[in-house]
Amino acid sequence: MDNQLETGFKAGRLVSIDDLDTADIDTLYRTTREFIKILNRPLKKVPALKEITVANLFFEDSTRTRLSFELAEKRLSADVVNFSSQGSSLKKGETLLDTVNNLLRMKIDVIVVRHKISGTAQFIHNKTGIPVVNAGDGTNEHPTQALLDLFTLWDAGMENKDIKICMNGDILHSRVAGSSLKLWQKLGIEYEINGPNTVMRRHLPFRSANFNSSRPFTVNYQLRIQKERQNKELIPSLEEYNGFFGLNADQNPGVAFILHPGPINRGVELDSDWADSPQSLILKQVETGVALRMAIIYFLAQKKGG
């Protein structure tokens, strides 16, 4: 492994984009590039975290995010403990804090957590002091997704000044939106949010402060319709949604790149012609995620006990 890898972050957690300043983000992205080089080698595993144990606590179903974190940890040679609430003592009445405290007694060094309740990642960090990575909490934030999305654009050759994003979809229930808008505002990236009025966040600005309406969009970001988080029907029909807010065969977004956090509802947020188009960076987002999460776990493992 390159001896020039840095030792950031300042905070002992990544619960929110608020935990990072611009220097942290720059350090993270430089280190991600180093890990991409490692992942492109025949031998993709490094002994950076050989004495570290990481617990992945996923209280919600997940495929991409869980596998991405697990692969990132194993590429760093960490010991990995995977926890699922299905079949656990939580079903017998054990509290979340009891579960976490029991894991800590097993000498866990870093915790990655996904939970349906907003604030869970911060709660665990506050109660334990252990470095925590938020892999998605309720409708609040998903910081690693926001970070990997922007890195994917940078890796595709875009600079902040070239980026003007239109984020479409279920803004109200999207934790990706919660983190992405914070990140874009922090870095001065232009954006606009768009979607049905019933799934917009009223407290968020529709446009960034430096929005220049005369400049065309360069990135179209399609969010997933999160039916599982809606306690009532907020969209008349998926067909109507696709016609007004999705990318379908009748539309040309006229952008350089298309992003989507996955999983895709094909024919709803975007049709297959766009999902599989040359403009689509969706699979590149998945690829980028492993290296970026390697960098995050690498940094936070150095904060354990601090």
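Quick look at the numbers
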item: Given (1) on the phi > 0 side of the Ramachandran plot; (2) crowded, with 20+ Cβ neighbours inside 10 Å, number of the condition PHE151 does not satisfy; result: (1)
item: Any hit, the stretch 173-181, residues being assigned to a loop (DSSP other than H, G, I, E, B), at pLDDT 85 or above, within 19 Å of the chain's Cα centre (by Cα) and aliphatic (A, V, I, L, M); result: no
item: In the stretch 25-63, residue farthest from LYS107 (Cα to Cα) [restricted to those that are hydrophobic (A, V, I, L, M, F, W, C) and in a loop (DSSP other than H, G, I, E, B)]; result: LEU43
item: Cβ pairs under 8 Å, 6+ apart, first in the stretch 5-22 and at pLDDT below 95, second of a type in the set (Gly, Ala, Ser) and surrounded by fewer than 14 Cβ atoms within 10 Å (Cβ to Cβ); result: GLY8/ALA23; GLY12/GLY306
item: Residue check for VAL112: modelled with pLDDT of 95 or more and within 21 Å of the chain's Cα centre (by Cα); result: yes
item: Residues (over 20 Å from ASP79 (Cα atoms) and buried (at least 22 other Cβ atoms within 10 Å of the Cβ)) located in the stretch 96-122; result: HIS115, THR120, ALA121
item: Qualifying residue in the stretch 87-99 (condition: within 25 Å of LYS284 (Cα to Cα) and either modelled with pLDDT of 95 or more or of a type in the set (Val, Ile, Thr) (or both)); result: no
item: GLU192 surrounded by 16 or more Cβ atoms within 10 Å (Cβ to Cβ) and over 17 Å from the mean Cα position of the chain (by Cα); result: yes
item: Checklist (1) part of a helix (DSSP H, G or I); (2) β-branched (Val, Ile, Thr); (3) modelled with pLDDT of 95 or more applied to THR198, failing item; result: (3)
item: Close pairs (8 angstrom Cβ cut-off, 6 or more residues apart or separate chains): at positive phi and surrounded by fewer than 17 Cβ atoms within 10 Å (Cβ to Cβ) in the stretch 76-89, among the β-branched types (Val, Ile, Thr) and modelled with pLDDT of 95 or more anywhere; result: SER77/VAL46
item: Qualifying residue in the stretch 160-168 (condition: modelled with pLDDT of 95 or more and either within 23 Å of ALA72 (Cβ to Cβ) or of a type in the set (Val, Ile, Thr) (or both)); result: yes
item: Qualifying residue in the stretch 279-290 (condition: assigned to a loop (DSSP other than H, G, I, E, B) and in contact (Cβ under 8 Å) with a residue 12 or more places away in the chain); result: yes
item: Whichever residue in the stretch 123-139 is of a type in the set (S, T, N, Q) and at pLDDT below 95 and, among such residues, is surrounded by the most Cβ atoms within 10 Å (Cβ to Cβ); result: THR139
item: Of all residues making up the stretch 188-224, the number that are under 20 Å from HIS260 (Cβ atoms), without any contact (Cβ under 8 Å) to a residue 40 or more places away in the chain and of a type in the set (Phe, Trp, Tyr); result: 1
item: Any hit, the stretch 76-86, residues being at pLDDT below 95 and out of contact with any strand residue (DSSP E or B) (no Cβ under 9 Å at 6 or more places or on another chain); result: yes
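The values are calculated or read from the model by the stated rules, or taken from the named source; none is laboratory data. Remember, predicted model here, so these are calculated numbers, not experimental data. Ideal geometry is used to build each Cβ from the backbone, glycine not excepted, and the neighbour counts take in all protein chains shown.
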